[in-house]
Every structure is written in structure tokens, then in C-alpha cells.
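Inspection log for the structure reproduced underneath, given as C-alpha cells.
The values are calculated or read from the model by the stated rules, or taken from the named source; none is laboratory data. What you see is a predicted model; the values in this text were computed from it and never measured. Quick reminder, even Gly has a Cβ in these numbers, built from the backbone with ideal geometry, and neighbours come from all protein chains shown. Note: accessible area is taken over every heavy atom of the protein model, side chains too, but ligands, DNA and RNA are not part of it. Shrake-Rupley method; radii C 1.70, N 1.55, O 1.52, S 1.80 Å.
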Amino acid sequence: MALGDYLRIERDESDGSRHYVVHLREPKFSMELTPDHAAEDRMGQGVMKRICVPNSWAGDYGQYAKLMGAAQEFFAQSFAAPAAKAAGRRFQT
């Protein structure tokens, strides 16, 4: 599973921020996660609060559990410091 298939959205609201992870390819789904305050970094992999899936998802729950686990992994990695970009060649003569 590629973590590039996921997108994290953060919304600031009066009662705090809300975090959503959206799977961009088939099967498309979204998860609302809250930070895991018991984790060392106070974010962790998030605690699932809400999952929105298409009706056609009835069936292979093992497959969906893997996708949701990858979504939680993506959530944790999305808060990590960005990797430094390698100096690329802009012009060649």
C-alpha cells in the first residue's frame, strides 16, 4: 500500500482541531482521527473517531483493516518533519 494514496486534512474549530485522512483511490473512504494523547509525541497514530465508507464495502473486512491501518500510519507520518530536498540540477549545458 502506498502512503501517497492518502491525504490529511486538518480543520480548526472552536473546540479544537479535527483531523481527517482521505483515501484517494478505490475504494475511497475517509476517517476522522483524534490525536492519541497517551503516545510519547502526543499524536501517535491517532484514535479512530469516525469512518465513512461506501455501501459496497460489505464483505472483506481484513482488506479494509489493512487500508485503515495504513491510514493511521500515514496520519502519524504526516506530522513528522519534512525530509530535506536533494539539490537537483536545474540547468545543464
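Report the residues of the range 1-19 in range of a label on LYS49: point 7 Å along Cα→C-beta, backbone N strictly under 16 Å from it. Only 8-19 pass the distance filter. Figure note: HIS37, HIS19 ranked by solvent-accessible area, largest first, 1.4 Å probe, ligands and nucleic acids not counted: HIS37, HIS19.
Between LEU3 and SER30, the simple label model (points 7 Å from Cα in the Cβ direction) yields a spacing of 2.3 nm. For the residues ARG11, ARG25, ARG18, a 1.4 Å probe over the protein chains yields an accessible-area ranking, largest first, of ARG25, ARG11, ARG18. The simple spin-label model puts a point 7 Å past each Cα toward its Cβ; for ARG42 and TYR64 those points are separated by 3.4 nm.
How would you classify the range 30-84 from its alpha-carbon gyration tensor, with a ≥ b ≥ c the square roots of the eigenvalues: rounded for a/c under 1.5, else prolate if a/b is greater than b/c, otherwise oblate?
Working: a/c = 2.64, a/b = 1.90, b/c = 1.39.
Cα axes put the range 30-84 in the prolate bin.
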